[in-house]
Amino acid sequence: MMLRRFVSILILLLPIVAFAEDFVAGKDYELINTAVKTSSTDNKISVTEFFSYGCPWCYRIEPALMHWVKQQNSAIQFSRVPVIFNKDWIFYAKAYYTAHLLGLEAKLHPLLFKTIQDKAHAMNTNQAMIDFFTAQGVDNATAKSAFENSTTIDVQVNEGTALMSRYHITGVPAFVINNQYKTDLEKAQNEARLFKILDFLIAKANKEKLKKAM
């Protein structure tokens, strides 16, 4: 009787096992060996996106990414770090930190993406960025200060560059999960698979957290 019950349960589980995708460390994601304390609060799993307004793929996945973040509800703490792979991207990083500092990220983040990607406006000078922020209602003196002589923005840019180095970010969009795992669109191969890997790594991070709590 026990054997028959076991076989019945096994048969029920077979479809789940057969269709579950097996994500492999070193192929679909990387383990992070550096000991870094997580910045998440309330026991949330931290998810950090490394991106740039100059990255077409970051722009393409943005709608799906925002939908995915919304689906996570309060299970994760989502944040972004703008990367700098060339001199133009320094201005894009400053733009992100300025919008965030002014509490205008929700409004200006999609506009910056659209302006730089859709309208092919490089905006690769301080003045171009000052003009953009001023056109969006930001005080000219505030915008000028942010891009020309803000110690706070400069510190954030340097901190972002240090995180790029620490996590060995060589391509974007890339994601660091709970300072334990890293994956990117190249490893995932496509957008749909990327979010499956992120779900997998969040679940994995939660399991590790529960083990430590026991």
Exercise for review: Report the one residue of Gly103, Thr142, Thr125 whose Cα lies farthest in the direction of the positive end of the charge dipole of region 44-213 (charges on C-beta: Lys and Arg +1, Asp and Glu -1; origin at the Cα centre).
Suggested key: Gly103
Revision key, fill the gap. Taking Lys and Arg as +1 and Asp and Glu as -1, residues besides Tyr167 with C-beta under 13 Å from its C-beta add up to -2
Practice item. Taking the Cα centre of the chain as origin, sum charge times position over the Cβ atoms of Lys and Arg (+1) and Asp and Glu (-1), and report the length of that vector in debye to the nearest 20. Key: 880
Study note, to complete from the structure: Listed residues Lys204, Lys119, Lys44; largest mean-square fluctuation, Gaussian network over the chain with Cα springs below 10 Å, found at Lys119
Point to revise | Rounded to whole Hz, the Karplus (6.51, -1.76, 1.60) HN-Hα couplings of region 134-145, x for glycine and proline | key: 5, 5, 8, x, 7, 4, 4, 5, 5, 5, 4, 5
Review point. Build a GNM of the chain with springs between Cα atoms under 10 Å: which of Val24, Val81, Val176 gets the top mean-square fluctuation?
Key: Val24
Check your understanding: So for Phe113, Phe175, fewest C-beta neighbours within 10 Å to most, what's the order?
Key -> Phe113, Phe175
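Taking a ≥ b ≥ c as the square roots of the eigenvalues of the Cα gyration tensor of region 97-172, is the shape rounded (a/c under 1.5), prolate (a/b larger than b/c) or oblate?
Oblate shape, in that a/c is at least 1.5 and b/c is the bigger or equal ratio.
Let me make sure I get this right: for region 44-213, a, b and c are the square roots of the gyration tensor eigenvalues over alpha carbons, sorted descending. Under 1.5 in a/c it's rounded, otherwise prolate if a/b > b/c, else oblate. Which is it? Each step should come with its number before you reach the end.
On the way: a/c = 1.99, a/b = 1.78, b/c = 1.12.
Cα axes put region 44-213 in the prolate bin.
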Practice item. Pop the C-beta distance of Ser74 and Thr125 into the FRET formula with R0 = 41 Å and round what comes out to the nearest 0.05. Key: 0.55
Point to revise | Dipole in debye (nearest 20) - region 82-158, about Cα centre, beta carbon charges: Lys, Arg +1; Asp, Glu -1 | key: 120
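Within the set of other residues whose C-beta is less than 15 Å from the C-beta of Tyr96, count the net charge using Lys and Arg as +1 and Asp and Glu as -1. Before the final figure, lay out each step's value.
Details: positive: Arg80, Lys94, Lys107, Lys114; negative: Glu49, Glu62, Asp88, Glu105, Asp154, Glu159.
With Lys, Arg at +1 and Asp, Glu at -1, the neighbours total -2.
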Review point. For Ser165 and Leu111 in one chain, what is 0.36 nm times their gap in residues minus the Cα-Cα distance, to one decimal in nm?
Key: 16.6 nm
**Study point:** Qualifying aspartates and glutamates (Cα of each under 16 Å from Cα of Lys144; at least 8 residues distant if same chain)
**Key:** Asp131, Asp154
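Counting Lys +1, Arg +1, Asp -1, Glu -1, what net charge surrounds Ile32 among other residues with beta carbon under 10 Å of its beta carbon? Don't skip to the end; give the middle numbers.
Working: positive: Arg166, Lys182; negative: Glu30.
Charge balance in the 10 Å sphere: +1.
Only the coordinates and a few stated rules stand behind these numbers; no lab work does. Keep in mind it's a predicted model, so treat the numbers as computed, not measured. So basically every Cβ, Gly included, is an ideal-geometry build from the backbone, and we count neighbours across all protein chains shown.
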